[in-house]
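Structure first, then comments.
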Amino acid sequence: MKLWLFLLFFMALASLAQDCSHLWQHDLNTGTQGPKGYMGDTHAAYGVFSLYRDNSKYYVLKGKFPKARFFSVETYKGRKNFPVQTVFDSQINPDPGSLNPFTPGVSLNETARDYTIVVKPEGTENVGPNPMKLSRRERMGSIWIRYYSPSAGVQVKPEDLPRIEAYDVKTHQPTQCPKTWKEDHFTNYPQFLGYLAKKQKGVFPFELFQVNWAGNSGVGKYSQGNAQMNFNEVFLVRFRPPTYVETFSGAGSFNPEGQLRYWSLCSIDTPGNRGLMCYADHELTPDADGFVTVVQGTGNEVAEEAKKRGYYFVPDLRPKDAVMALFAFRNILPSPDFAQNGQYQGDYNPKGRICTKEVFLKGDCEWWD
């Protein structure tokens, strides 16, 4: 009898050993206000599974397509997270009997929405649906989950991340979870590095920034505007917003019509690697001329003046010793036509201007009158 109990106990341990979901690191809070790690969008929820290389294991992710604007799974190599492979929501095949709600015509509120992804060392055989690879050479690697702008502001919870199971590459039997390492959300570089930014004079266009590591492959490149700025100044940003795929309500069927899937404008603390505050596309309504204007500054008088003029206000949330202000304009999954003929070009690329509070309050900061 004792032997039987021991065998039952051993079998229970073996079945538990394959579930590695407790190793997910995460930053799941979403909304307009931050801070958000990884210099990220405050509307994005992140799950990170960091591991030391072990080419004897592969991992099976079992989850449900999230009710969100955008979803991706990415594998990285090294501690600095250089990309290995990416799959976007619409590219993932659903489990038998389920549907992918990021497929045209499928209900955004579809209840049967399960998927399975197999993440394996590169060069090994495919052992399941939606195969992805990990580097066999790097000592460290990671799997990232991104949920952008959960539908109708729903809060993502740890249990919403996919279950992740470990299996032996040769036997395909459950095996122990990998050794893991802690992913740093923030950095603490000194704020005087902000002096590397220009003292912008007059109106300046945002510049392109190519993402080569640690970034969301659904973005590819950002448009960013930065300037030296003190706390007695305001940062005025103006641009024509692209049209986007509206799934935030979570109602109806997925319709890919739009210049891109999602866009946002974020105030960033660059040395601290923090997203301070972000406006998502559905939060900003263009004015009668088709433009959005955002003002970052300090004080109720700036906020009230911005509201009176129909502008959107961003409180200056930078550290007290900050010397640089930076906005990042993020475009996710642009359509091929928009990527070639409009993205980050002309009015679709934001322009900025730094003014004193006094000049702004007098109405003399605008350049388009």
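Normalised by the residues of region 158-280, what does the relative contact order come to in percent, with Cα pairs under 8 Å and at least six apart? About 21 percent, as a whole number. Of the heavy-atom accessible surface of region 187-314 (probe 1.4 angstrom), what whole percent is carbon and sulfur? C and S atoms contribute 52 percent here. When the helices of the chain are scored as -39500 (n - 2.57) per DSSP H run of n ≥ 4 and the total is divided over every residue, the value at 222 nm lands at -3000 deg cm²/dmol. Sorting Asp54, Asp369 by accessible area puts them as Asp369, Asp54; the probe is 1.4 Å, largest comes first, and only protein heavy atoms count.
Please work out the average accessible area per residue across region 89-204, using the 1.4 Å probe convention, and give it in Å². Walk me through the numbers before you get to the answer.
Working: 6400 Å² over 116 residues.
I get 55 Å² per residue for region 89-204.
Each 5 Å bin from zero holds the following percent of Cα-Cα pairs in region 80-231: 1, 6, 11, 15, 16, 14, 12, 9, 6, 5, 3, 1, 0, 0.
The largest-to-smallest principal axis extents of the Cα set in region 285-344 are 42, 32, 13 Å.
List the GluC sites (Glu not before Pro) within region 97-127 that DSSP assigns to loop and that have no more than 16 neighbouring Cβ atoms inside 10 Å. Write down the numbers at each step before the final one.
Values: sites: Glu110, Glu122, Glu125; in loops: Glu110, Glu122, Glu125.
Answer by residue number: Glu122, Glu125.
Helix 2-17 sits at what angle to the longest principal axis of the chain, using alpha carbons and giving 0 to 90 degrees rounded to 10? Roughly 30 degrees, rounded to the nearest 10.
Here's how it looks for Thr180: its modeled amide H is under 5 Å from those of Tyr52, which are all 5 or more places away or on a different chain. Among the listed values (1) 21.7; (2) 18.5; (3) 24.7, the one computed from these coordinates for mean projected area of the Cα convex hull in nm² is (1). Residues in region 287-343 average 46 Å² of solvent-accessible surface per residue, probe 1.4 Å, ligands and nucleic acids excluded. Summing Cβ point charges (Lys, Arg +1; Asp, Glu -1) relative to the Cα centre of the chain gives a dipole of roughly 1180 debye.
Would you mind checking the pairs Lys80/Lys357; Lys67/Lys320; Lys201/Lys362; Lys120/Lys182; Lys57/Lys80; Lys36/Lys77 and listing those with alpha carbons more than 29 angstrom apart?
Values: Lys80/Lys357 40 Å; Lys67/Lys320 37 Å; Lys201/Lys362 19 Å; Lys120/Lys182 21 Å; Lys57/Lys80 22 Å; Lys36/Lys77 22 Å.
Exceeds cut-off: Lys80/Lys357; Lys67/Lys320.
Within region 48-87, the proportion of Cα pairs with more than 16 Å between them is 48 percent.
Give me the dipole magnitude in Debye, nearest 20, for region 97-229 about the Cα centre, with unit charges on the beta carbon: positive for Lys and Arg, negative for Asp and Glu. Before the final figure, lay out the partial values.
Details: 16 positive and 12 negative charges, 117 e Å.
Charge dipole, region 97-229, about its Cα centre: 560 debye, nearest 20.
Annotation: amide H of Ala68 within the under-5 Å range of Ser151, sequence separation 5 or more or interchain, hydrogens built in the peptide plane.
The residue among Leu134, Gly97, Val87 whose Cα reaches farthest toward the positive pole of the charge dipole of region 67-146, with charges on the beta-carbon of Lys, Arg, Asp and Glu, is Leu134.
Cα centroids of region 113-139 and region 241-285: 30 Å apart. Of the residues Ala306, Val234, Leu326, the one whose Cα sits farthest toward the positive end of the charge dipole of region 225-369, with +1 on the Cβ of Lys and Arg and -1 on the Cβ of Asp and Glu, is Leu326. Across region 356-362, rounded Karplus estimates of 3J(HN,Hα) from the backbone phi angles (6.51 cos²θ - 1.76 cosθ + 1.60, θ = phi - 60°) give 6, 4, 4, 5, 5, 5, 7 Hz, Gly and Pro being marked x. Evaluating 6.51 cos²θ - 1.76 cosθ + 1.60 at θ = phi - 60° for every residue in region 333-349, the Karplus couplings come out as 6, x, 5, x, 5, 5, 4, 8, 10, x, 4, 6, 10, x, 5, 6, 9 Hz, glycine and proline recorded as x.
Overall size of region 231-369 from C-alpha positions, given as principal axis extents largest first: 46, 36, 30 Å. When the chain is treated as a Gaussian network with alpha carbon springs shorter than 10 Å, the biggest mean-square fluctuation among Glu74, Glu301, Glu207 belongs to Glu301.
The values are calculated or read from the model by the stated rules, or taken from the named source; none is laboratory data. For clarity, every value in this text was computed on a predicted model and none was experimentally measured. Because the Cβ atoms are built from the backbone with ideal geometry, glycine has one as well, and the counts that use them run over all protein chains shown. Calculation scope for accessible area: heavy atoms of the full protein, side chains included, ligands and nucleic acids excluded. Shrake-Rupley method; radii C 1.70, N 1.55, O 1.52, S 1.80 Å.
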